[in-house]
Amino acid sequence: MITLTHYLVLSGALFCIGLYVILAKQNAVQILIGVELMLNAAILNLVAFGRFDKLNSSGQTFALFAIVLAAAATAVALAIVLNVYRRYKTIDPGRINELKD
Amino acid sequence: MTLITVMFYLMAAIALGSALYVAASKNLVRSVFMFFVTLFALAGLYVLCLADFVAITQVVVYVGGILVLILFAFMLSGRELLSGLQQQTNRLIAINKLPALMLAVLFFIVLVNVFLKANIDNASWISQSIAQKNVITVTDVTVNGIGVNLMTNYLLPFEAISILLLMALVGAAHLSRKEGEAA
């Protein structure tokens with residue numbers, strides 16, 4: 001029998017992998033992928049707990065909201081990354097260290 | 001029951017393995033394509049949680065939208081990006097990633113401790129919902145409930161998120177215009 005603790009541990013592991021990706025990578029796009037991993041871990045929790053709320057289906061509804069929010073955030077973040085690449089010719093966040101003027 | 005257990009462990013292993021590959025891989029394009037696999041495995045896990053609509057949305061929005069967007073960003077930002085990255089990764093690989101690795105592992109240990117101590121399977125609201133038969137079973141159709149709730153209980157967040165989506169769309173289009181066209 002798969003209990004809620006199984007899902008919690010799995011999503012905790014995914015969250016920590018996302019944390020590692022965010023901290024260790026030197027590329028803005030890979031950091032974005034790490035953020036998406038962490039968001040997916042949270043969505044997995046929402047869905048797993050939403051199973052126990054049939055009448056309001058709150059977990060699944062907010063999982064949908066989180067997916068839409070992630071899509072919006074990714075679109076804006078990638079536009080920013082492209083702009084940064086155009087100006088600095090690098091997307092390593094550690095080397096973008098000057099303002100516009 | 002046993003098939004569900006087997007499927008859970010299979011999906012969990014695929015998701016964790018591909019996520020670890022994303023974390024460990026130095027090749028950018030390869031890690032993006034492994035992220036595809038992670039998202040598909042997570043969609044399978046959502047199906048195991050009896051959330052079929054969320055799983056379909058995951059496949060459509062994440063795999064069809066976000067990952068294609070990320071790949072577009074790669075292809076638009078040129079080959080210098082990839083070659084520059086490969087030069088960087090050659091030096092001091094182990095040492096400058098050790099703090100990140102330690103932080104992630106220690107945080108995972110803390111999280112697992114919290115999960116085991118919380119004993120969430122016997123939480124009061126969960127046993128209450130089991131007693132009231134408020135649990136989604138395999139034969140239930142959940143899409144009806146989501147649709148009705150989206151238009152009644154959650155109408156305000158729904159509208160707020162639609163405005164936010166429009167704002168993000170306009171903002172992304174504004175950000176990615178060519179330099180100099182702006183006034």
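No solvent, one uniform scatterer per C-alpha: report log10 I(q)/I(0) for the protein assembly as shown via the Debye equation at q = 0.12 1/Å, two decimals.
-0.82
Ignore the peptide's own chain and count Cβ atoms of other chains within 10 Å of each Cβ in B:113-120; give me the average, rounded.
3
Sequence gap of 8 or more, or different chains, plus Cα separation below 26 Å: how many lysine pairs satisfy both in the protein assembly as shown?
Taking the Cα cut-off of 26 Å, the pair count is 11.
Rg and Dmax of chain B, Cα atoms, in Å?
Answer for chain B, Rg first and Dmax second: 21.6, 64 Å.
Taking only the Cα atoms of chain A, how large is their convex hull per residue, in Å³?
Convex hull volume per residue, Cα atoms: 92 Å³.
Take the alpha carbon atoms of the range B:114-183, find their center, do the same for the range A:32-91, and report the distance between the two centers in whole angstrom.
Spelled out, the Cα-based centre of one part sits 11 Å from the other.
Please list, in order, the residues from the range A:1-25 whose amide nitrogen is less than 11 Å from a point placed 7 Å along the Cα→Cβ vector of B:LYS117.
Taking a point 7 Å out along Cα→Cβ of B:LYS117, no residue of the range A:1-25 has its backbone N under 11 Å.
For B:VAL59 and B:SER124, compute 0.36 nm times the residue count separating them, minus their Cα-Cα distance, and round to one decimal in nm.
Full-extension gain reported as 20.0 nm.
Sorted by packing (mean other beta-carbon atoms within 10 Å per residue), highest first, where do B:60-73, B:135-148 land?
Descending packing order for the listed peptides: B:60-73, B:135-148.
Just to be sure I understand the model, the point goes 7 Å from the Cα along the line to the Cβ. What's the resulting A:THR3 to B:MET75 distance in nm?
With each label placed 7 Å out from Cα toward Cβ, I get 4.8 nm.
Label-point separation (nm) for B:LEU175 and B:LYS133, each offset 7 Å from Cα along Cα-to-Cβ?
Here the modelled spin labels are 5.0 nm apart.
From the helices alone, meaning DSSP H stretches of at least four residues, give me the mean residue ellipticity at 222 nm for chain A, per-run term -39500 (n - 2.57), in deg cm²/dmol to the nearest 500.
-26500 deg cm²/dmol
Here, each number is a calculation from the coordinates, and none is a lab measurement. Everything numeric here is computed off the predicted structure, so don't read it as measured data. Note: ideal-geometry Cβ built from the backbone for every residue, glycine included; neighbour counts use all protein chains shown.
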